[in-house]
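For reference, the structure is listed below as structure tokens.
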């Protein structure tokens, strides 16, 4: 989950000033960790963050209406939508939308009455670049495990204001672990299951090996971005002190194979906070037989 540029610059400035005034490396790291956590929570609470997700509706072939009326297949709130705001038509050609007469519908921030929503036609996991907005609600076309769905986001979702905040273990430098990343030379895929029991294949970038409190650890790694790698893991704290389905960790993609695994930045998947999100479950090879008492705790 990315950090706003302005906030990143403030954090960078804060760390630079701290070092200039003689703070030791540990103090700078702790300050940076707390700033990263604060930025993550700010993103969660943002109008389009994970707390804003207000519904998930799988699509069928043919026509489906969206609006606040009880007859609509895609149900919006009365505060943001008339009874029938429009229609989605799903066919082999794609997903076409048609606004109801007189409805103020926006397609990627521009007024629109009809159009075709783009999405990768092949990939089983894909997100449309398009957004339909009416009132405070945004409709986003996605594909998960080969099934098309509409994810709703509502900037007025009560989850945003009722969120009590994230809980974390205290920063602990013992969980900043040097590791070694080895890329797979041949294409290798793993079957990933989500919390709804659906599965899809995910391409693996390689694996990371390290030592954690005397235990040898190996974690399969998914390619995230050209700059980062993405890890999904469970450990002995999962379901007890931390979220049962596991946690996520992003690390910088190394140029020389050496990586730093800072488990103080292990964070909860969005399904820990929102029932309308779909989160991957760690594959069995990423179930650790050690307690990672660092990073995010289980939500209240």
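Does anyone have the angle between helix 25-44 and the longest principal axis of the chain? Alpha-carbon axes, 0 to 90°, nearest 10?
For helix 25-44, the angle is close to 10 degrees.
Would you mind putting 117-125, 63-71 in packing order, based on average other-beta-carbon counts within 10 Å, highest first?
Ranking the peptides 117-125, 63-71 by packing returns 63-71, 117-125.
Return the whole-Å distance between the Cα centroid of the stretch 215-291 and the Cα centroid of the stretch 44-58.
Cα centroid to Cα centroid, the span is 22 Å.
Where does the stretch 164-300 land on Rg(C-alpha)/(2.2 N^0.38 Å)?
So the Cα radius of gyration is 1.01 times the expected 2.2 N^0.38 Å.
Show that you can apply the helix-only estimate: for the chain, add -39,500 (n - 2.57) for every DSSP H stretch of four or more residues, divide by all residues, and state [θ] at 222 nm to the nearest 500.
Result for the chain: -4500 deg cm²/dmol, rounded to the nearest 500.
Any idea what angle helix 5-20 forms with the longest principal axis of the chain, computed on alpha-carbon atoms, 0 to 90 degrees, nearest 10?
Helix 5-20 sits roughly 20 degrees off the main axis of the chain.
Throughout, read-outs are computed from the coordinates displayed, never taken from laboratory work. As the structure is a computational prediction, the values presented were derived from the model and not from experiment. With ideal geometry, Cβ positions are generated from the backbone for all residues, glycine too; neighbour counts draw on all protein chains shown.
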